[in-house]
Amino acid sequence: MTAPLVVAEAVEMSFAPRGILAGGRPVRAVAGVDATVAKGEALGVVGESGSGKSTLGRLLLGLLAATGGSVRFDGEPLPKPGSAAWRKLRARMGIVFQDPFGSLDARRSIGAQVMDGLTIHTTLNAAEREERTAALFRRVGLDPQRMGAYPHEFSGGQRQRLGIARALATSPDFLVADEPVSALDVSIQAQVVKLLAELRGDLGLAMLFISHDLPVVRHLCDRVIVMYLGRVMEEGPVAQVFARPLHPYTVALLSATPMLDPAKRAQRVILPGEPPSPSNPPSGCVFRTRCLHARPACAEAVPPLRSLDQSGHRVACIRAEEIG
Amino acid sequence: MRRLYLPGLAVLFICLVAAAAPLLPMPDPIRQDVANRLAAWLPGSPLGRDEFGRDVLSRLIWGARSSLMVAFIASAIAAVVGTALGLLGGWFRGVAEFLAIRGADVVLCFPPVLLALLVVTLLGPGTATLILVLSVLYLPGFIRVSFAEVLSARNQDYVEAVRALGAPTMRILLRTVLPNIAGPVLVQFSLAVAAAVVLESGLSFLGLGVVPPTPSWGLMIRGARSTMEQAPMLLVWPCVALTFTILAMNILCDAVRDIADKRGGGGAKRLRLVDRLLPGLFPPPASPAPLLDVQGLTVEIAVPGGVIKPVEDVSFSLSAGRTLAIVGESGSGKSMAATAIMGLLPPAARAADGVARFEGEDLLRMPEAQRRRLRGGAMAMVFQDPMSSLNPVHRIGDQVAEAIRAHRDVTAEAARREAVDLLKRVGIADPERRARAYPHELSGGMRQRVMIAMAIANKPRLLIADEPTTALDVTVQAAILELLAVLRREEGMGVVLITHSLGVVAEVAEDVVVMYAAQVVERGPVAEVFARPLHPYTRALLAAVPDGDAEPEGIPGVVPRPDQWPPGCRFAPRCAHATEACNAAPPALEGQGDRAVRCIRWREIAP
């Protein structure tokens, strides 16, 4: 592993309720998360809706300004969103969205949209931009002849390729893929995942891969972070986390994933109750209200992420040894 | 583009005639000739003379100059300034929003006439004053429309994407946001022009606008009013001119909006009215059979290019207490098959062929009234999106009770009690309290439980679940699938589960039907099909699942569209094993014990 490219320390994001009449507490979407992505590394972030995984992705990109903690990119703190330095930095980062339909502007040609990054950040002339865009089209497996077409002429999988081409136009070092395959059919998913894996290898991209689909993360990523209600429950090398999950939430998540061969799946753990509201999280361990192993001690303090061995596999559970 | 020609020509004609008024050989519009007042026709005055003996045609054309100029200039000013303010307010929020929106509200507070009086008092009457008054009056409309559109556009992923590329704010606003809000702004513009022409006449009528004797349509209507009984046509001509202009403007703006909209689908082809008559007046006699027996089900949709068949020759059967999964990619026709069985096809589609026997009775040929009694009673359906399937303004307990009372004659009180029991049955904690909740107060998993409670309210013998867990998180999905399994066991229901997730199929179903491009390509018991898939498509689909240690393999290409199906095997263009013969003729579904496969080469290529 080489030097870290993106380092987040105790990063925090609270959304205050908007408007004069809106009462209530701020929602802490991300509550003190540490994360690092090394050059050329793929870090998976898994969790369910409301776990704060998409917010974490936008914090690492600097699209949102953290309300606490810090994010450093290539050794420098991220500049303020909207500033000149921030805009310049956009060329080095890219984002791929989940929704293949909403993420492309229906009223502009796909060529112009993929070219945007080049138009904004480079001094290339029109012919050179055209040439680079054609190369990008070929790289993601699309016909450059169709640069003048509009998004509605393409299928979901092709649009997702366009989204990837757009993100890669400025040859970024860091790519955040926010559920890029969740909206696709399984046969198309595999194509797009394969493309992302190839691009990562060829371009040495650092990648943050956000997903609720654990098997995809397992195939694509080196390390994984498991999030629940804005906090990291467990992190470590993909093989270890999947083979020997330490946190009860990870265990439940893995057991809930439907498998082709149900014999291979661990005993299913059905979580009782409902996810708590992020504006009013439980004290101590946020997972304790649904945990089958919760004890009164779990409510007392927020359990820190700690290592049980030397492998970089860390867990935020005070009872990890007993349960495991 | 063709849609632009007619209204475009009309508007161009009006503008040209108005602009060319001084060049046309016409009498002076101001010259009075009292001797010929109210004449219906005179040589050189085809439309007659008005109350002062002035030529009507000439005044109509000269009037267009002032009326249209005022309307266009005022609307254009309002559109440019209002859209700019709305864009800035919607994008930057904060102070910009306050100034734009509250400013607009202040203008809206003034009655138009009061505002006009105020301005006229300050600046004196005249065309310039009128333009100022009208543009201020129409400003709030543009601000409001563009502001609202920007608010919804700014949260779209494609705007976020351009922002993530580091585009300067001006570029985002002009290149990305503006084109996407252009449609409603254009509509607003056409309305403003039309309304401005009318208001111009109103204000001129009050003496606040165009000053007589300068002709304007407003002044002409005002003048004609007093002599309406002697010369009614004097009122008609300016009104006809007004109507024609406004119509042409509206149609032109609509056409421009549709052409500017590159999303496609705007010109969606209209579907021919489909005859609802079902073929096959003499269906084969019913035999003592499984719970649901579908044979040769075909659904047709008539489109201008011919007839497409989103479901073609689909057969399967389901026994009580078992679960059958229909699996396939989007566009395979799996949901359409289920809606055909339930009798819930959209109006343009019809079940053209086949039978679907539910307990021996053919659902496809049953009168709608009889089918309605079955739906929600003996057979029920659960949909993918519980939020759009529940009524947002009714409490969930009442909705479940309503489902009960629609089929059984029980009192409201008894139905309510039963609803609470049902909510408890589907695993909702504290059902008494939750029954009084509205759908938006529940999580996605809870809502799906409510939908299931409604579906099982009348103890159905058949449950069709269309992607019931696709919108849910995996831990919630596990809980819902568990619930369905328990209910099936305890109630002895037959379940048809439509899904695209092979993992879900493996977990809960006993039999599976694999669909591709409207057809069944493979059918059989899940354990056998997944362990030894016979059809190359099934095998490719299984290999695409990122499960286990092997690298998932995608299937090249996409499902072809229903109007572009290959002549032979529909999977052949994407199949690794395809030969000449595969493209020659459509393969038949071959039975093989309790399995069936639609592939001419399955014997050679199956492992």
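The values are calculated or read from the model by the stated rules, or taken from the named source; none is laboratory data. Keep in mind the model is a prediction, meaning the values are calculated, not measured. Please note: Cβ atoms are built from the backbone with ideal geometry, for glycine as well, and neighbour counts cover all protein chains shown.
Which residues, counting only those in the range B:551-600, are basic (Lys, Arg) and touching a residue at least 40 places away in the same chain (Cβ under 8 Å)? If you could, list the steps in order and put the result at the bottom.
First pass over the range B:551-600, keeping only residues basic (Lys, Arg): B:561, B:570, B:574, B:595, B:598.
Those that are basic (Lys, Arg) and touching a residue at least 40 places away in the same chain (Cβ under 8 Å): B:ARG561, B:ARG570, B:ARG595, B:ARG598.
Can you tell me which residue in the range A:225-237 is farthest from A:HIS313 (Cα to Cα), limited to those that are in a strand (DSSP E or B) and within 14 Å of chain B (Cβ to nearest Cβ)?
Residues of the range A:225-237 in a strand (DSSP E or B): A:225-228, A:231-237.
Those left that are additionally within 14 Å of chain B (Cβ to nearest Cβ): A:226-228, A:233.
Working: A:VAL226: 11, A:MET227: 14, A:TYR228: 17, A:MET233: 11 Å.
So the residue we want is A:TYR228.
Condition check: within 14 Å of another protein chain (Cβ to nearest Cβ), surrounded by 16 or more Cβ atoms within 10 Å (Cβ to Cβ), at pLDDT 90 or above and assigned to a loop (DSSP other than H, G, I, E, B). Does A:LEU59 satisfy that? Reasoning before the result, please.
Details: within 14 Å of another protein chain (Cβ to nearest Cβ): yes; surrounded by 16 or more Cβ atoms within 10 Å (Cβ to Cβ): yes; at pLDDT 90 or above: yes; assigned to a loop (DSSP other than H, G, I, E, B): no.
Spelling it out, it is not the case that A:LEU59 is within 14 Å of another protein chain (Cβ to nearest Cβ), surrounded by 16 or more Cβ atoms within 10 Å (Cβ to Cβ), at pLDDT 90 or above and assigned to a loop (DSSP other than H, G, I, E, B).
In the range A:122-136, which residues are in contact with a Lys or Arg (Cβ under 8 Å, 6 or more places away or on another chain) and crowded, with 17+ Cβ neighbours inside 10 Å? So that I can check it myself, show each step before the final result.
Start the filter on the range A:122-136 by keeping residues that are in contact with a Lys or Arg (Cβ under 8 Å, 6 or more places away or on another chain), which leaves A:122, A:124.
Of everything in the range A:122-136, nothing turns out to be in contact with a Lys or Arg (Cβ under 8 Å, 6 or more places away or on another chain) and crowded, with 17+ Cβ neighbours inside 10 Å.
Regarding B:ARG461, is this residue touching a Ser or Thr at 6+ places or on another chain (Cβ under 8 Å) and more than 14 Å from every other protein chain (Cβ to nearest Cβ)?
Working: touching a Ser or Thr at 6+ places or on another chain (Cβ under 8 Å): no; more than 14 Å from every other protein chain (Cβ to nearest Cβ): yes.
Considered against the rule, which asks whether it is touching a Ser or Thr at 6+ places or on another chain (Cβ under 8 Å) and more than 14 Å from every other protein chain (Cβ to nearest Cβ), B:ARG461 comes out as no.
Which numbered condition trips up B:ASP28, out of (1) over 24 Å from B:MET228 (Cβ atoms); (2) part of a helix (DSSP H, G or I); (3) not assigned by TED's automatic domain parsing to the domain that holds B:ALA231?
In the conditions (1) over 24 Å from B:MET228 (Cβ atoms); (2) part of a helix (DSSP H, G or I); (3) not assigned by TED's automatic domain parsing to the domain that holds B:ALA231, B:ASP28 misses (2) alone.
Only helices (runs of 4 or more DSSP H) wholly contained in the range B:153-263 count here; list those with 2 or more residues that are closer than 19 Å to B:GLY89 by Cα and either touching a Leu at 6+ places or on another chain (Cβ under 9 Å) or within 13 Å of chain A (Cβ to nearest Cβ) (or both). Let's see the steps before the verdict.
Details: elements: B:157-164, B:178-205, B:217-226, B:233-260.
Passing ranges, in order: B:157-164, B:178-205.
Could you check B:VAL119 against (1) under 17 Å from A:ALA106 (Cα atoms); (2) modelled with pLDDT under 85 and say which number it fails?
With (1) under 17 Å from A:ALA106 (Cα atoms); (2) modelled with pLDDT under 85 applied to B:VAL119, the lone miss is (1).
Can you tell me which residue among B:ALA148, B:ALA74, B:ALA84, B:ALA128 is in contact with a Phe, Trp or Tyr (Cβ under 8 Å, 6 or more places away or on another chain) and either under 30 Å from B:PRO22 (Cβ atoms) or in a helix (DSSP H, G or I) (or both)?
Working: B:ALA148 fails: in contact with a Phe, Trp or Tyr (Cβ under 8 Å, 6 or more places away or on another chain); B:ALA84 fails: in contact with a Phe, Trp or Tyr (Cβ under 8 Å, 6 or more places away or on another chain); B:ALA128 fails: in contact with a Phe, Trp or Tyr (Cβ under 8 Å, 6 or more places away or on another chain).
That would be B:ALA74, the only listed residue that is in contact with a Phe, Trp or Tyr (Cβ under 8 Å, 6 or more places away or on another chain) and either under 30 Å from B:PRO22 (Cβ atoms) or in a helix (DSSP H, G or I) (or both).
Given (1) more than 20 Å from A:LEU43 (Cα to Cα); (2) at pLDDT 90 or above; (3) in contact with a Ser or Thr (Cβ under 6 Å, 6 or more places away or on another chain), where does A:GLU274 come up short, assuming only one miss?
(2)
Checking B:VAL327 against (1) β-branched (Val, Ile, Thr); (2) under 23 Å from the mean Cα position of the chain (by Cα); (3) over 30 Å from B:ALA196 (Cα atoms); (4) at pLDDT 80 or above, only one condition comes out false. Which one?
Checking B:VAL327 against (1) β-branched (Val, Ile, Thr); (2) under 23 Å from the mean Cα position of the chain (by Cα); (3) over 30 Å from B:ALA196 (Cα atoms); (4) at pLDDT 80 or above, the one that fails is (2).
How many of the residues in the range A:294-321 are in a loop (DSSP other than H, G, I, E, B), of a type in the set (A, V, I, L, M) and in contact with a helix residue (DSSP H, G or I) (Cβ under 9 Å, 6 or more places away or on another chain)?
Initially, the range A:294-321 is screened for residues in a loop (DSSP other than H, G, I, E, B), giving A:294-295, A:300-305, A:308-313, A:316-319.
Next, from what is left, pick out any that are of a type in the set (A, V, I, L, M): A:294, A:301-302, A:305, A:308, A:316, A:318.
Now restrict to residues that are in contact with a helix residue (DSSP H, G or I) (Cβ under 9 Å, 6 or more places away or on another chain): A:294, A:308, A:318.
Count: 3.
Looking at the range B:520-559, which of its residues are part of a strand (DSSP E or B) and surrounded by fewer than 24 Cβ atoms within 10 Å (Cβ to Cβ)?
Going through the range B:520-559, the residues part of a strand (DSSP E or B) turn out to be B:520-525.
Across the range B:520-559, the qualifying residues are B:GLY524, B:PRO525.
Given the conditions (1) within 39 Å of the chain's Cα centre (by Cα); (2) farther than 29 Å from A:LYS194 by Cα, and given that B:ALA581 satisfies all but one, which numbered condition is not satisfied?
For B:ALA581, the failing item is (1).
Quick one: would you say B:PRO304 is closer than 26 Å to A:SER155 by Cα, without any contact (Cβ under 8 Å) to a residue 24 or more places away in the chain and surrounded by fewer than 21 Cβ atoms within 10 Å (Cβ to Cβ)? Talk me through it step by step, then tell me what you get.
Values: closer than 26 Å to A:SER155 by Cα: yes; without any contact (Cβ under 8 Å) to a residue 24 or more places away in the chain: no; surrounded by fewer than 21 Cβ atoms within 10 Å (Cβ to Cβ): yes.
Judged against the criteria, B:PRO304 is not a match.
In the range B:457-472, how many residues are at pLDDT below 90, crowded, with 22+ Cβ neighbours inside 10 Å and either β-branched (Val, Ile, Thr) or over 21 Å from B:VAL495 (Cβ atoms) (or both)?
1
Which condition breaks for B:ASN180 when tested against (1) surrounded by fewer than 16 Cβ atoms within 10 Å (Cβ to Cβ); (2) modelled with pLDDT of 85 or more; (3) under 30 Å from A:MET93 (Cα atoms)?
Going through the list (1) surrounded by fewer than 16 Cβ atoms within 10 Å (Cβ to Cβ); (2) modelled with pLDDT of 85 or more; (3) under 30 Å from A:MET93 (Cα atoms), B:ASN180 breaks only (1).
Could you count how many residues in the range B:560-591 are surrounded by 13 or more Cβ atoms within 10 Å (Cβ to Cβ) and not in a loop (DSSP other than H, G, I, E, B)?
Initial filter on the range B:560-591 (surrounded by 13 or more Cβ atoms within 10 Å (Cβ to Cβ)): B:560, B:562, B:565-566, B:568-575, B:577-579, B:581-584, B:586-587, B:589-590.
With not in a loop (DSSP other than H, G, I, E, B) added as a condition, the list becomes B:562, B:572-574, B:581-584, B:590.
Summing the residues that are surrounded by 13 or more Cβ atoms within 10 Å (Cβ to Cβ) and not in a loop (DSSP other than H, G, I, E, B) in the range B:560-591 gives 9.
Inside the range B:42-91, can you point out the residues that are surrounded by 24 or more Cβ atoms within 10 Å (Cβ to Cβ) and of a type in the set (Gly, Ala, Ser)?
Matches in the range B:42-91: B:GLY63, B:ALA64, B:SER67, B:ALA71, B:ALA74, B:SER75, B:ALA78, B:GLY82, B:GLY86, B:GLY89, B:GLY90.
So if I check each of B:VAL327, B:VAL311, B:VAL355, B:VAL410, which one is surrounded by fewer than 21 Cβ atoms within 10 Å (Cβ to Cβ) and touching a residue at least 24 places away in the same chain (Cβ under 8 Å)? Don't jump to the end; show me each part of the working.
Details: B:VAL327 fails: surrounded by fewer than 21 Cβ atoms within 10 Å (Cβ to Cβ); B:VAL311 fails: surrounded by fewer than 21 Cβ atoms within 10 Å (Cβ to Cβ); B:VAL410 fails: touching a residue at least 24 places away in the same chain (Cβ under 8 Å).
Result of the check over B:VAL327, B:VAL311, B:VAL355, B:VAL410: B:VAL355.
Quick check on this structure: which one of B:ALA39, B:ALA35 is in a loop (DSSP other than H, G, I, E, B), hydrophobic (A, V, I, L, M, F, W, C) and outside the structural domain of B:ALA196 (by TED's automatic domain parsing)? Spell out the reasoning first.
On the way: B:ALA35 fails: in a loop (DSSP other than H, G, I, E, B).
Sole residue among the options that is in a loop (DSSP other than H, G, I, E, B), hydrophobic (A, V, I, L, M, F, W, C) and outside the structural domain of B:ALA196 (by TED's automatic domain parsing): B:ALA39.
Among the residues that make up the range B:482-490, is at least one of them under 26 Å from B:ARG373 (Cα atoms), touching a strand residue (DSSP E or B) at 6+ places or on another chain (Cβ under 7 Å) and touching a residue at least 12 places away in the same chain (Cβ under 8 Å)?
Yes: the range B:482-490 contains one or more residues that are under 26 Å from B:ARG373 (Cα atoms), touching a strand residue (DSSP E or B) at 6+ places or on another chain (Cβ under 7 Å) and touching a residue at least 12 places away in the same chain (Cβ under 8 Å).
Report, by residue number, each residue of the range A:108-133 that is in contact (Cβ under 8 Å) with a residue 40 or more places away in the chain and either away from chain B (no Cβ under 14 Å) or part of a loop (DSSP other than H, G, I, E, B) (or both).
Scanning the range A:108-133 gives A:ARG108, A:SER109, A:THR122.
Got a number for residues in the range A:275-289 being out of contact with any strand residue (DSSP E or B) (no Cβ under 9 Å at 6 or more places or on another chain), within 14 Å of another protein chain (Cβ to nearest Cβ) and either assigned to a helix (DSSP H, G or I) or free of Cβ contacts under 8 Å to residues at least 12 places away in the same chain (or both)?
Residues flagged as out of contact with any strand residue (DSSP E or B) (no Cβ under 9 Å at 6 or more places or on another chain), within 14 Å of another protein chain (Cβ to nearest Cβ) and either assigned to a helix (DSSP H, G or I) or free of Cβ contacts under 8 Å to residues at least 12 places away in the same chain (or both) within the range A:275-289 amount to 1.
Please work out which residue is nearest to the other protein chains (Cβ to nearest Cβ), limiting yourself to the range A:238-273 and to residues that are out of contact with any helix residue (DSSP H, G or I) (no Cβ under 9 Å at 6 or more places or on another chain) and either in a helix (DSSP H, G or I) or under 17 Å from A:HIS212 (Cα atoms) (or both).
Going through the qualifying residues, I end up with A:LYS264.
I want to confirm something. Restricting to the range A:76-100 and keeping residues that are out of contact with any helix residue (DSSP H, G or I) (no Cβ under 6 Å at 6 or more places or on another chain) and either facing chain B (nearest Cβ under 8 Å) or under 19 Å from A:LEU196 (Cα atoms) (or both), which single residue is surrounded by the most Cβ atoms within 10 Å (Cβ to Cβ)?
Checking each candidate, the answer is A:ARG90.
Kindly indicate whether A:ALA42 is in contact with a Cys (Cβ under 7 Å, 6 or more places away or on another chain) and touching a residue at least 60 places away in the same chain (Cβ under 8 Å).
On the way: in contact with a Cys (Cβ under 7 Å, 6 or more places away or on another chain): yes; touching a residue at least 60 places away in the same chain (Cβ under 8 Å): yes.
Considered against the rule, which asks whether it is in contact with a Cys (Cβ under 7 Å, 6 or more places away or on another chain) and touching a residue at least 60 places away in the same chain (Cβ under 8 Å), A:ALA42 comes out as yes.
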